[in-house]
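Below is one structure, written out as structure tokens, with a few remarks after it.
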Amino acid sequence: MEKLLHYLSSYKASITLLLVYAVGLATATFVEKQMGTEAAKMLIYYSPLFIFLQFLLVLNFILLMLRKNWIQRKKWALLVIHFALVVILAGALTSFLFGKEGQIHIREGEKSSQMVMHTSKGVHTKQLPFELELVKFTLNRYPGSQSPSSYESDLRVHVDGEVREARVFMNNVLDLKGYRFFQASYDEDERGTILSVNRDVAGRNITYSGYFLLMIGFIMMFLMPNSRFRKLLVQLK
């Protein structure tokens with residue numbers, strides 16, 4: 001047990017765990033492309049093994065901080081960076097536990113307020129606090145090819161007694177009452193759209209906070225007087 005804790009509190013363990021984590025993310029991307037988002041979630045992102053890997057990463061960061069005495073040695077940049085990684089993983093856990101994801105299918109000229117969610121126990125529907133109406137779906141193709149280059153949905157949003165215009169396409173999302181809509185797919189006759197829906201305000205805010213802290217940590221690595229970068233600059237001078 002002591003040897004295991006000693007290994008988990010080493011930089012070697014950090015590198016190993018991060019490499020395995022990177023391979024897992026790359027595998028999830030491949031699975032998502034070949035089999036779809038739901039398959040990637042069930043096989044990789046939400047698998048017990050991947051969640052355990054993230055737990056080991058957090059444990060490694062904490063043990064490494066304690067073993068190397070970063071607080072006493074005033075390694076503030078390293079502390080901020082590792083704390084940021086813990087926050088990012090906490091955001092991922094929050095998304096897993098409390099986030100909701102699904103899809104909404106709408107035909108041109110029709111409205112829908114039903115989000116369809118796929119879970120390990122089956123298919124569930126959730127009533128959204130607004131309605132989306134598909135005005136027009138547009139599919140653009142590469143010149144001289146049938147391959148789609150982009151597709152977009154022109155929508156009317158019926159919410160709180162008002163009607164708003166919105167457009168969702170591949171790099172443009174719709175944020176509405178805590179829900180985020182992405183252009184996911186379309187019907188074969190090109191007269192219907194499929195939007196992916198995500199409601200994860202808490203997890204998203206925690207994750208973004210982690211990314212912000214990570215950026216601060218990297219800036220501190222260059223600016224702190226006792227940082228490795230500043231010491232190298234002094235040596236070069």
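The values are calculated or read from the model by the stated rules, or taken from the named source; none is laboratory data. Everything numeric here is computed off the predicted structure, so don't read it as measured data. Neighbour counts are summed over all protein chains in view; Cβ atoms, including those assigned to glycine, are modelled from backbone coordinates with ideal geometry. Surface accessibility is based on the protein's heavy atoms, side chains included, excluding ligands, DNA and RNA. Shrake-Rupley method; radii C 1.70, N 1.55, O 1.52, S 1.80 Å.
Any residue in segment 218-237 that's assigned to a helix (DSSP H, G or I): show its pairings with residues that are of a type in the set (S, T, Y) and at pLDDT below 75 at Cβ separation under 8 Å, as long as the two are six or more apart or on different chains.
Qualifying pairs under 8 Å: M220/S227; M221/S227.
Can you tell me which of I51, I88 is under 19 Å from the mean Cα position of the chain (by Cα) and more than 29 Å from L223 (Cβ to Cβ)?
Only one candidate qualifies: I51.
Quick one: G210 ticks every box in (1) open to solvent by 50 Å² or more (accessible area, probe 1.4 Å); (2) in contact with a Gly (Cβ under 8 Å, 6 or more places away or on another chain); (3) over 24 Å from H118 (Cα atoms); (4) not acidic (D, E) except a single one, so which number is it?
(1)
What tally of residues in segment 141-182 results from selecting those that are over 26 Å from M117 (Cα atoms), open to solvent by less than 60 Å² (accessible area, probe 1.4 Å) and in contact with a strand residue (DSSP E or B) (Cβ under 6 Å, 6 or more places away or on another chain)?
Qualifying residue count for the region: 2.
Mind checking whether some residue in segment 76-85 is in contact (Cβ under 8 Å) with a residue 24 or more places away in the chain, surrounded by 14 or more Cβ atoms within 10 Å (Cβ to Cβ) and more than 28 Å from L223 (Cα to Cα)?
Within segment 76-85, none of the residues are in contact (Cβ under 8 Å) with a residue 24 or more places away in the chain, surrounded by 14 or more Cβ atoms within 10 Å (Cβ to Cβ) and more than 28 Å from L223 (Cα to Cα).
Only one of (1) more than 30 Å from A184 (Cα to Cα); (2) at pLDDT below 85; (3) not hydrophobic (A, V, I, L, M, F, W, C) fails for N60. Which number is that?
(2)
Specify the residue that is surrounded by the most Cβ atoms within 10 Å (Cβ to Cβ); the eligible residues are those in segment 183-207 that are over 13 Å from L128 (Cβ atoms) and basic (K, R).
Of everything passing the filter in segment 183-207, R204 is surrounded by the most Cβ atoms within 10 Å (Cβ to Cβ).
Looking only at helices (runs of 4 or more DSSP H) that lie completely in segment 1-75, which have at least 2 residues being exposed (fewer than 14 other Cβ atoms within 10 Å of the Cβ) and in contact (Cβ under 8 Å) with a residue 40 or more places away in the chain?
Ranges flagged: 48-67.
Of everything in segment 107-139 that's modelled with pLDDT under 85 and loosely packed, with under 12 Cβ neighbours inside 10 Å, which residue is nearest to Y46 (Cα to Cα)?
That would be S120.
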